[in-house]
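Reviewing the structure listed below.
The values are calculated or read from the model by the stated rules, or taken from the named source; none is laboratory data. Source: prediction; values computed, not measured. Note: ideal-geometry Cβ built from the backbone for every residue, glycine included; neighbour counts use all protein chains shown. Note: accessible area is taken over every heavy atom of the protein model, side chains too, but ligands, DNA and RNA are not part of it. Shrake-Rupley method; radii C 1.70, N 1.55, O 1.52, S 1.80 Å.
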Amino acid sequence: MRGNQGTDHTTEMLGDSLPSRVATHNPAVAHQSEAPVFVLGCPRSGTTLLYHMLLSAGNFAVYRAESNVFNLLAPHFGDLRSAANRRNLVDVWLHSKLFRVSGLDPQQIRQKVVAQCQSSGDFLRLVMGDIARRQGVRRWADCTPEHLLYIPEIKRQIPGALIIHILRDGRDVALSYAKQGWAHPLPWHSGADLYVAGLYWRWMVRQGYFEDLVTKPRETLAELSSFIGQELDYDHILKVGIGSVSEPNTSFAASDGKQHFNPVGRWKAKRSEQELAELETLIADVLQELGYELAGNTSQTIDASRLARMRNTYELWFDAKFWLRNRSSLGRFVNLGAIEIENSR
């Protein structure tokens, strides 16, 4: 496990109804039972289910959206010590889905952000804190998957935050991610969506923290209860059933059907043996590092040098895109489509 300052805890989780590894980071906090919780991981890894379990458990602000603060809003609007940047941020945010599902008063939150916000962490604290107070609860959580790439910033700007990193078998993640149409191969790799999705999982996982593979939700929630300082009763969670606790967040609903829903090991049946052998070759190092067993289909002919070049290309590509978004002036051009801004602005 790649550790960090603070106390690292190993726990169990059934992420998106599938066996997942979870690593948790817990800095010293005075009021752990009220600390914000970040549920992070590569998209399609199970972050939504755990987030909805927390909301269903009670005492967390019910906010049915990904905040996208560190990965989209921060690079787009820049240094929030600038009053002009703060005004621009809140004006856009108030016309987005992120505000529409918040239940906040637009004038009150606008005044507070313009007067008090000095960083991305401040903005998230102010917004989510007000949502929690409005709902009469003491804490909030965030489940923006890409915030996994911003753990150092989150820890710096929100020192008491509790961080949970969910990991799922990269072969299942790649299958689901490609099914969503989110993988975008370079022009000379047309049709390689599955491979690019797998390489993105590999790249993201290597940015975060991870531990052991486990599969039992009741035991998992018991350990998480201790970590976050709050009881997480599985039966109560199932009864409340917010979001994906009741309705699985699956990419394969039409083909699997509710009665046959089982996302664990789906990769074994959904693609050809050749595709699976090549995908496994591309991400085998991280799969093995995490303790996943390789299928090791030796009957397929693999061009290892071609796949190695592809792996190196996308690692550089993902690194470059992240640098351009967060370390250059080009960040202001980041696409805000994910927050669904109304045209009336």
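Here are the numbers:
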item: Single unsatisfied condition, PHE227 versus (1) farther than 28 Å from ALA295 by Cα; (2) in contact with a Phe, Trp or Tyr (Cβ under 7 Å, 6 or more places away or on another chain); (3) not small (Gly, Ala, Ser); result: (2)
item: From ALA178, ALA197, ALA183, residue being under 28 Å from LEU307 (Cα atoms), modelled with pLDDT of 95 or more and among the hydrophobic types (A, V, I, L, M, F, W, C); result: ALA197
item: Residues of the stretch 40-92 satisfying the condition of being closer than 16 Å to PHE333 by Cα and either in contact with an Asp or Glu (Cβ under 7 Å, 6 or more places away or on another chain) or open to solvent by less than 30 Å² (accessible area, probe 1.4 Å) (or both); result: ASN68, VAL69, PHE70, ASN71, LEU72, LEU73, ALA74, PRO75, PHE77, ASN85, LEU89, VAL92
item: Residue within the stretch 202-211 that is out of contact with any Phe, Trp or Tyr (no Cβ under 6 Å at 6 or more places or on another chain), modelled with pLDDT of 90 or more, part of a helix (DSSP H, G or I) and over 29 Å from VAL334 (Cα atoms) present; result: no
item: Conditions (1) open to solvent by 40 Å² or more (accessible area, probe 1.4 Å); (2) assigned to a helix (DSSP H, G or I): number failed by PHE99; result: (1)
item: From VAL113, VAL127, residue being surrounded by 18 or more Cβ atoms within 10 Å (Cβ to Cβ), over 26 Å from GLY58 (Cβ atoms), aliphatic (A, V, I, L, M) and touching a residue at least 24 places away in the same chain (Cβ under 8 Å); result: VAL113
